[in-house]
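Derivation of every value follows stated rules applied to the coordinates shown; laboratory data play no part. Only a predicted model underlies this, so the values are computations on that prediction, with no experimental measurement involved. Positions of Cβ are backbone-derived with ideal geometry, glycine not excepted, and every protein chain shown enters the neighbour counts.
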Amino acid sequence: MSAASLPVTPDVLALPVRITEIFHSLQGESRTVGVPTVFVRLTGCPLRCGYCDTEYAFQGGHKMTLGEVLAEVSAWQPRYVTVTGGEPLAQKSCLPLLSRLCAAGYEVSLETSGALDVGGVDPRVVKVMDLKTPGSGECERNRMENLRHLGPRDQVKFVICDRVDYDWSRELIAREDLARRCEVLFSPCHGRQEPAELADWILADRLPVRFQLQLHKYLWGDARGK
C-alpha cells in the first residue's frame, strides 16, 4: 500500500516523526518564491554538502506524531506547506506526512536532495530536487534514476559554486533534456558565486532555466524560507 492510499486512522496519525522546527515564513526559493508558506523541517541528513546552511537540522529535534504536526500546521491556516530538512526522505514517516498534508487540502512541496528514492512520493506533491554539483562535495550521491519520476509540476535546482559547477550543470541539462521534463532552477551559492556573473553566463548560453536568489538570505540572513 502506498503512502497516498493510507487511510486516515488513529494508527497513521500516531506515526512518529522527528521535527527540527515548524515555522511560517516567505518561500525563499522555487516557483512560489515570496509566497507565505508553512515550513516543516525534519531532522537528519545523510549528506554533508559544503555549502549547507541548515547543519543545525542534522541532529536533535523532537518527536511529534503526524497528528500533532498536522495540528500545528493548521494553526497557521496556510495555503502552501513545504516539507524540508535536513533530508526529509531519510525518515520513513515523511511519505505518509506528505500524503496527509495533501489530503488536508494544502499545496505541498518537498525539498529533497535527490540522493534518496522519490518514487514513493505522493503525486500531488511538487518535488523540488536539489541535484548536487561538484562544488557541493556530494556530487557522487546523486540518484539519477530519480529524474524519471519528475513531471512538469516538479523542479530541479542546481546550486552553482563556480564555473565548473555551471558547465557541469549545463551539460547535464542538455544530456537529460531536463528543461522539457520539468522546471530548472539555478542558484548562485551564497558567498561563493557572484550572482551577476552567473546571470551573465545564463544569458550568454540562452539556458532554459530560472535564475533565483535565496530571498530569505537577503531579508534575514538565515535559513528561514527554505
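Assorted remarks:
- The alpha-carbon atoms of the stretch 138-226, seen along their principal axes, cover 36, 29, 25 angstrom, with the largest extent given first.
- Along its first, second and third principal axes, ordered by size, the stretch 107-166 spans 35, 19, 15 Å in Cα coordinates.
- Cα centre as origin, Lys/Arg/Asp/Glu Cβ charges: the stretch 92-188 dipole, Debye: 300
- Between Phe211 and Tyr56, the simple spin-label model (points 7 angstrom out along Cα→Cβ) gives 3.1 nm.
- Taking the Cα centre of the stretch 1-102 as origin and assigning +1 to Lys and Arg Cβ atoms and -1 to Asp and Glu Cβ atoms, the resulting dipole is close to 160 debye.
- Approximate shape of the stretch 73-131 as ellipsoid semi-axes (Cα gyration tensor, √5λ), whole Å, largest first: 19, 11, 10
- By the rule of a C-alpha distance below 20 Å, with chain neighbours fewer than 8 residues away ignored, the lysines paired with Lys92 are Lys63, Lys127.
- Springs between Cα atoms under 10 Å define the GNM used for the chain, and in it the highest mean-square fluctuation of Arg148, Arg124, Arg100 occurs at Arg148.
- Sequence ranges 46-59, 127-140, ranked by mean other-Cβ count within 10 angstrom, highest first: 127-140, 46-59
- Computed over the stretch 23-129, Cα set: Rg, Dmax in Å: 12.9, 36
- Between Asp177 and Arg124, the modelled labels are 3.1 nm apart [label points 7 Å from Cα along Cα→Cβ].
- Taking Cα centre as origin and charging only the Cβ of basic (Lys, Arg, +1) and acidic (Asp, Glu, -1) residues, the dipole magnitude of the stretch 3-218 rounds to 420 debye.
- Comparing Arg180, Arg18, Arg170 in a Gaussian network model of the chain, where Cα atoms under 10 Å apart are tied by springs, the biggest mean-square fluctuation is seen for Arg180.
- Of every Cα-Cα pair in the stretch 3-218, the percent that sits beyond 21 Å: 53
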